[in-house]
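Accompanying notes for the structure given below.
The values are calculated or read from the model by the stated rules, or taken from the named source; none is laboratory data. Quick caveat, the model's predicted, so the values are computed rather than measured. Here the Cβ positions follow ideal geometry from the backbone for every residue, glycine too, while neighbour counts run over all protein chains shown. Calculation scope for accessible area: heavy atoms of the full protein, side chains included, ligands and nucleic acids excluded. Shrake-Rupley method; radii C 1.70, N 1.55, O 1.52, S 1.80 Å.
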Amino acid sequence: MRMRKKRWFWLAGSVSAALAAVAGWLVVAPPDLLRIGDGYAAKIVCSNVFIADRDANAVLADDVQAPGHPLLRLVRISVDDTRKTVTARLFGFAAPGRAIYREGLGCTNVTEGEFAAFPGNRQLRRRPPQSDEGKPWPDGSGTAINPAVQTLLTDPQLVGPGMRAVVVVKDGRIVAENYGEGFNSATPLLGWSMTKSVTAALIGLRIRDGQMALDRTELLPQWRNDPRSQIKLADLMAMQSGLQFNEGYGDVADVTRMLFLEGDMASFSASKPLEAKPGERFSYSSGTTTILSRLWMDTFGSVREALTFPRAALFRPLGMNSAVLEPDAHGTFVGSSYMYATARDWARFGLFLLQNGSWNGEQLLPQDFVSYMRTPTQASGGRYGAGQVWTKFGNEGGPPLPGDAYWMQGHDGQSVMLVPSHGLAVVRLGLTPSRSGYDVRQLQAKIIEAVN
């Protein structure tokens, strides 16, 4: 009996020691996969709580855990409403990921030292919203509902699982809109890679100002005396830079490391070697667009000028009052992935592109810039445009769509279809992982039928 007790105590002690060792390892040197998971959870919860005013636990459960890696179900979060910060930890203690919110800039993943030094947000005085006096959208909130189109948006099969917002614009007016449970026209929603098209527009504005040129080479100091010095701005815009970058999600890849572990995302992406000659091979890369953000921001004399430029030069003129473009810890906008805006404001940007970069009679972008953006590239086999938009959507097949249709497209089911010949924009936002099998082209085709 005594021997059994000794064995039991020895076994229990060994297990306890092993568990303690594992716990210590998770605290001191957690694997990158766990650090990425906690960084992702902290960032998504932070942005949705402090930008979209959603419940933190609901965001963790619905946006992070339900569609994500099984390990994310073990993540616990803590929210500091005073400092406007979020910390996420696996098992409640391991591999902490941290994000901070700053007024006007949204949320940013930060390291432990940056997090500890962060003093908290000062309260900014907000101007009360002005009455639109019944003005029609986009100057006000008035709509011109088309009953046939509106009926389509009530079909769960057409709008798809996880739909959060659908807005249809025809000839400059909202003709139909619908929202998922818990969401409405005032809810800012993450566009993920639709943000890339916004970055292209910001570059167009700097080209207009004479500060950038599409044929320019020797773009970054670290690329001088290097084959990468031959990369043109146009190559980056068209995703044909030749730079190595792994865009695979769901594991430790270049894109997940960039977004959730790297404080200076543009430098991380720019450090990648060439794997192809610039201009010859299409390779979709969020790292490429983050480099583009660094390039246009570097055309300003100060960080403050660069950080205020999107709102002053693009969002405010278009009335996109909800739009928030978020930077990394270095201060570079994550122009590949991180813009929040209401569905109506995403529609405003779509209308801006439909109008070839003009707004209220003023030509903001160079006259031919939007046409350039949506010109199919040879390197992509005609699938991608020269300026951060898709000219073909999804796999081959699907319903027939107009030949001039092009798309802004983002992770988990975000899309804006633009059809210049029909004066049509279809915004569809939600949480719809690709494994659901949903094809938004069915909805888009039905809407085209209904408006013609």
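Below is a table of values for the structure above.
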quantity: Identity of the residue in segment 423-437, in contact with a helix residue (DSSP H, G or I) (Cβ under 9 Å, 6 or more places away or on another chain), buried (at least 18 other Cβ atoms within 10 Å of the Cβ) and not hydrophobic (A, V, I, L, M, F, W, C), that ends up nearest to Y249 (Cα to Cα); calculated: G430
quantity: Evaluation of T199 against (1) of a type in the set (S, T, N, Q); (2) under 19 Å from the mean Cα position of the chain (by Cα); (3) modelled with pLDDT under 95 (one fails), failing number; calculated: (3)
quantity: Some residue of segment 410-421 being without any contact (Cβ under 8 Å) to a residue 24 or more places away in the chain and assigned to a strand (DSSP E or B); calculated: no
quantity: Filter result (of a type in the set (A, V, I, L, M, F, W, C) and over 15 Å from L418 (Cα atoms)) within segment 355-377; calculated: W359, L364, L365, F369
quantity: Set E326, E305: member being farther than 19 Å from I174 by Cα, out of contact with any Lys or Arg (no Cβ under 6 Å at 6 or more places or on another chain) and open to solvent by less than 10 Å² (accessible area, probe 1.4 Å); calculated: E326
quantity: Residues within segment 348-371 that are outside any loop (DSSP other than H, G, I, E, B), open to solvent by 30 Å² or more (accessible area, probe 1.4 Å) and small (G, A, S), tallied; calculated: 1
quantity: Qualifying residues in segment 78-88 (those that are part of a strand (DSSP E or B) and within 22 Å of the chain's Cα centre (by Cα)) - the one surrounded by the fewest Cβ atoms within 10 Å (Cβ to Cβ); calculated: T87
quantity: Segment 385-413: number of residues that are farther than 15 Å from Y284 by Cβ, open to solvent by 40 Å² or more (accessible area, probe 1.4 Å) and among the hydrophobic types (A, V, I, L, M, F, W, C); calculated: 1
quantity: Exclusive hit being of a type in the set (G, A, S), modelled with pLDDT of 95 or more, farther than 24 Å from D264 by Cβ and part of a loop (DSSP other than H, G, I, E, B), set S336, S322; calculated: S322
quantity: Within segment 304-361, tally of residues that are under 25 Å from A42 (Cα atoms) and aliphatic (A, V, I, L, M); calculated: 9
quantity: Where P273 falls short, out of the listed (1) buried (at least 22 other Cβ atoms within 10 Å of the Cβ); (2) in contact with a strand residue (DSSP E or B) (Cβ under 8 Å, 6 or more places away or on another chain); calculated: (1)
quantity: Subset of segment 390-404 [in contact with a Lys or Arg (Cβ under 7 Å, 6 or more places away or on another chain) and either among the charged types (D, E, K, R) or part of a loop (DSSP other than H, G, I, E, B) (or both)]; calculated: T391, K392, F393, G394, G398, P399, L401
quantity: Enumeration of residues in segment 53-70 that are assigned to a helix (DSSP H, G or I) and surrounded by 15 or more Cβ atoms within 10 Å (Cβ to Cβ); calculated: A56, V59, L60, D62, D63, V64, Q65
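Condition check ((1) in contact with a strand residue (DSSP E or B) (Cβ under 8 Å, 6 or more places away or on another chain); (2) open to solvent by 20 Å² or more (accessible area, probe 1.4 Å); (3) not charged (D, E, K, R)) across all residues:
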site: W223; (1), (2), (3): no, no, yes
site: D226; (1), (2), (3): no, yes, no
site: Q230; (1), (2), (3): no, yes, yes
site: V252; (1), (2), (3): no, yes, yes
site: V255; (1), (2), (3): no, no, yes
site: E280; (1), (2), (3): no, yes, no
site: T288; (1), (2), (3): yes, no, yes
site: L292; (1), (2), (3): no, no, yes
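Table: residues versus (1) in a strand (DSSP E or B); (2) within 15 Å of T288 (Cβ to Cβ); (3) in contact with a helix residue (DSSP H, G or I) (Cβ under 8 Å, 6 or more places away or on another chain); (4) open to solvent by less than 20 Å² (accessible area, probe 1.4 Å).
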{"site": "S185", "(1), (2), (3), (4)": "no, no, yes, no"}
{"site": "K196", "(1), (2), (3), (4)": "no, yes, yes, yes"}
{"site": "I207", "(1), (2), (3), (4)": "no, no, yes, no"}
{"site": "M212", "(1), (2), (3), (4)": "no, no, yes, no"}
{"site": "E218", "(1), (2), (3), (4)": "no, no, yes, no"}
{"site": "L236", "(1), (2), (3), (4)": "no, yes, yes, yes"}
{"site": "N246", "(1), (2), (3), (4)": "no, yes, yes, no"}
